[in-house]
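Please read the structure below before turning to the comments.
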Amino acid sequence: MVSQQELIREARENGMELLPLEKDTYELFFGPQHMATENYSLILKMDGHRVVKAIANPGFLHRGFEKLAEYRPWYTNIALLLRICVPEPDVPEAIYSMAVDELMGWEVPERAQWIRTTVLEMARVSAYLFWTMGMAFKLGVYTAGQWAAAYRERFMALFEQLTGARVYHIYTIPGGVRRDIPGDKWLRQLKDTVEYLKDKLKDFDNVLFENYITFKRLEGIGVMDKKFALEEGVTGPNLRATGVRADVRKFDPYLLYPELDFEVPVLREGDSLARALVRRFELEQDLYILEQLLEMGPPSGPYKVEHAGFKALPRFKVPAGDAYAHVESSKGDFGAYVVSDGGNKPYRVQIRGPSIAHGIRVIEQLLVGARLADVPVILVSLDNCPPDIDR
Amino acid sequence: MNLEKEQVIVDTILQKAPYAEGKVRRQRRIEFKIPADRIRDFLTLLKENNFESMMQITAVDWPKDGEIELVYQMWSYTYAVHAFVKTRIPRDVDKAKVPSVRDIYPVAETYERDAHEFYKVTFEGNDKLEMPWILEDEDREAGVSHRKDFDMLSYVKRKYKLLDRFEEDKENYVI
């Protein structure tokens with residue numbers, strides 16, 4: 001067999017001009033229209049099918065939420081900020097409301113706390129199902145993806161009954177929640193859905209998580225270690241897949257989480273497979289939490305703090321100061337920093353999306369040396385939500 | 001409420017950093033105020049004291065004081081404590097400078113790019129500040145978008161040519 005060097009030498013002798021080998025790379029624009037990138041764009045410098053360099057470019061949304069929030073009254077910002085992350089819109093609502101609660105010095109009623117916890121867990125389950133759908137599609141296991149989409153639909157229906165909206169709920173407000181739960185029928189439906197999904201997890205295992213293809217495609221791909229992850233500020237399931245037992249629900253407890261019994265799944269490998277399996281175990285734990293909450297039942301009492309609130313929207317004022325609240329979302333540590341100057345509008349709101357940590361620098365470093373076919377898999381295994389970055 | 005743990009952390013750090021002011025805000029929230037030129041020393045100290053992760057850098061514009069407040073928000077997995085590290089720098093674009101901390105916390109690079117683009121705070125030592133980030137060139141030339149003195153209404157009208165369009169076919173508009 002003739003080696004490459006000999007071929008090149010022969011070509012040169014025949015008078016052909018060849019570019020030097022090290023310059024034999026090309027640029028590939030990956031996204032924002034590519035399915036795997038989710039309105040996120042990468043510029044990949046490729047050598048054959050290997051990535052040599054990756055540049056992440058998140059600016060494709062241009063929404064300027066943080067600036068817009070400074071022009072709107074305190075309450076109406078809920079309807080704005082929840083649009084930050086589509087699969088999990090309850091989280092920005094909750095953190096903003098918790099920060100405003102802290103500034104107002106409000107103790108949220110027990111019933112509202114129960115409802116908020118339930119809504120947050122439902123949001124986590126539906127976001128994990130959304131992620132399962134994405135992962136299954138990228139691996140070519142379409143059956144599991146379609147199941148996940150269908151099961152998520154059940155949660156959307158429950159959200160619709162609870163809040164009146166399927167995707168953007170506008171439900172958690174400062175001081176509690178916007179309205180009470182529809183009644184016992186809704187609780188029964190939620191219980192049925194949780195039991196049904198818990199049953200169906202075995203099918204997901206059979207088809208997706210214990211699949212030979214999944215292991216072959218994910219094992220050893222996009223590995224990051226503990227030190228790297230901590231330095232880069234990675235949070236959530238991505239950090240837990242590297243062996244750090246970090247969960248906001250456990251060590252900065254909020255709402256009813258201190259009373260609930262659940263485990264935090266941790267794996268050590270730090271590759272795409274570990275990240276996928278952590279999410280699989282999380283899904284199980286979330287369903288377990290929902291079961292416990294349903295067993296506990298909603299405590300009686302008011303569902304929001306009694307105050308002028310909605311009646312006096314433009315005049316509603318918050319004392320001067322600043323507060324930071326964060327929760328554990330399906331993507332990681334979601335935080336809101338709210339500054340008030342005593343006026344009827346926020347002085348400054350900054351939402352800390354988890355994706356800003358693992359969406360820019362981490363991706364740029366993890367993709368170096370990866371094959372082109374693995375790029376979508378790594379992107380999806382990190383569970384990016386580009387609007388987090390470009391808020 | 002038991003605030004012993006937080007008090008011990010604040011005392012330990014203040015002992016090593018006499019230039020700082022610190023206090024306990026509530027359970028699991030502590031706050032420090034430091035001069036802008038000591039930010040590198042202070043964050044190095046925090047990193048040595050088990051504050052492993054940086055959550056974000058927030059810039060808050062205070063035009064009345066002529067200052068921009070930078071809030072470095074640090075999280076410790078060891079103690080489960082969130083620390084606000086606040087520092088103030090002048091608001092003038094030429095003087096709004098602070099040393100970069102990206103070699104201490106690599107993730108700071110992203111947040112510094114963010115603060116530079118929206119608040120024109122220069123982080124000395126971060127060479128990625130001038131790289132394209134979220135805004136496009138024409139938006140960047142229009143002014144510092146997130147500062148309080150930015151006239152958003154006239155910018156929106158100018159950008160989307162709302163006024164021109166209105167003036168052109170005024171007769172077709174029914175108001």
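A few comments on the model shown:
- Linear extension gain, A:Glu10 paired with A:Arg63, 0.36 nm per residue minus alpha-carbon span: 13.4 nm
- Among beta bridges from DSSP that stay inside the stretch B:3-144, the antiparallel ones total about 75%.
- When only the Cβ of Lys, Arg, Asp and Glu is charged (+1, +1, -1, -1), the dipole of the stretch B:3-144 relative to its Cα centre reaches about 860 debye.
- Relative contact order of chain A, taken over Cα pairs closer than 8 Å and 6 or more residues apart, is 25 percent.
- Dipole magnitude (debye, nearest 20) for the protein assembly as shown, charges at Cβ of Lys, Arg, Asp, Glu: 980 debye
- Surface share of carbon and sulfur [accessible, 1.4 angstrom probe, percent] for the protein assembly as shown: 51 percent
- Prolate/oblate/rounded label for the stretch A:69-138 (Cα gyration tensor, a/c 1.5): oblate
- Counting DSSP beta bridges with both ends in the protein assembly as shown, the antiparallel % (nearest 5): 85 percent
- Segments B:30-40, B:48-58, B:150-160 sorted - mean Cβ within 10 Å per residue, highest first: B:48-58, B:30-40, B:150-160
- Per-residue mean of foreign Cβ neighbours for B:27-39 is 1 (Cβ atoms of other chains, 10 Å radius).
- Peptide B:46-56 - average C-beta neighbours from other chains (10 Å radius): 4
- Label-point separation in nm, A:Trp186 to A:Glu259, each point 7 Å along Cα→Cβ: 1.9 nm
- Ordering of A:240-246, A:66-72 by packing [mean C-beta count within 10 Å, highest first]: A:240-246, A:66-72
- Computed over chain B, relative contact order equals 15 percent, with contacts defined as Cα pairs under 8 Å that lie 6+ residues apart.
- Annotation for the B:A interface, with buried accessible surface near 3700 Å², both sides summed [1.4 Å probe; non-protein components not counted].
- Computed per residue of the protein assembly as shown from DSSP H runs no shorter than four, each worth -39500 (n - 2.57), the mean residue ellipticity at 222 nm is -12000 deg cm²/dmol.
- Förster radius 56 Å - calculated FRET efficiency between A:Phe251 and A:Ile43, Cβ distance, rounded to 0.05: 0.90
- Under-20-angstrom lysine pairs by C-alpha in the stretch B:3-144, whenever the two are 8 or more apart or on separate chains: 28
- Summarising the label geometry, the points placed 7 Å from Cα in the beta-carbon direction at A:Val86 and B:Ala36 lie 4.0 nm from one another.
- Think of a 1.4 Å ball rolled over the protein heavy atoms: the protein assembly as shown then has 44 Å² of accessible area per residue.
- Oblate is the label for the stretch A:266-349, because a/c, from the alpha-carbon gyration tensor with a ≥ b ≥ c as root eigenvalues, is 1.5 or above and a/b does not exceed b/c.
- Inter-part distance where the stretch A:153-176 and the stretch A:299-370 are each reduced to a Cα centre, Å: 18 Å
- Rounded FRET efficiency, nearest 0.05, which uses the C-beta distance separating A:Leu313 from B:Asn50 and R0 of 45 Å: 0.55
- Peptide A:279-287, shielding by other chains (average Cβ, 10 Å cutoff): 0
- Cβ-based net charge around A:Trp74, under 10 Å, with every Lys or Arg adding one and every Asp or Glu removing one: +3
- In range of the label at A:Asp203: residues from the stretch A:128-171 whose backbone nitrogen is under 13 Å from the point 7 Å along Cα→Cβ: A:143-154
- Seen from A:Ala274, the other residues with C-beta closer than 11 Å to its C-beta sum to a net charge of +2, counting Lys and Arg as +1 and Asp and Glu as -1.
- Two-site label geometry, B:Leu3 and B:Asp137: point separation in nm, points 7 Å out along Cα→Cβ: 5.3 nm
- Protection proxy ranking, peptides A:347-357, A:111-121, average beta carbon neighbours within 10 Å, highest first: A:347-357, A:111-121
The values are calculated or read from the model by the stated rules, or taken from the named source; none is laboratory data. If you're wondering where the values come from, they're calculated on a predicted model, not measured in any experiment. Cβ coordinates were reconstructed from backbone atoms using ideal geometry, including for glycine residues, and neighbour counts include every protein chain displayed. Please note that ligands, DNA and RNA were not included when accessible areas were found on the heavy atoms of the full protein model with its side chains. Shrake-Rupley method; radii C 1.70, N 1.55, O 1.52, S 1.80 Å.
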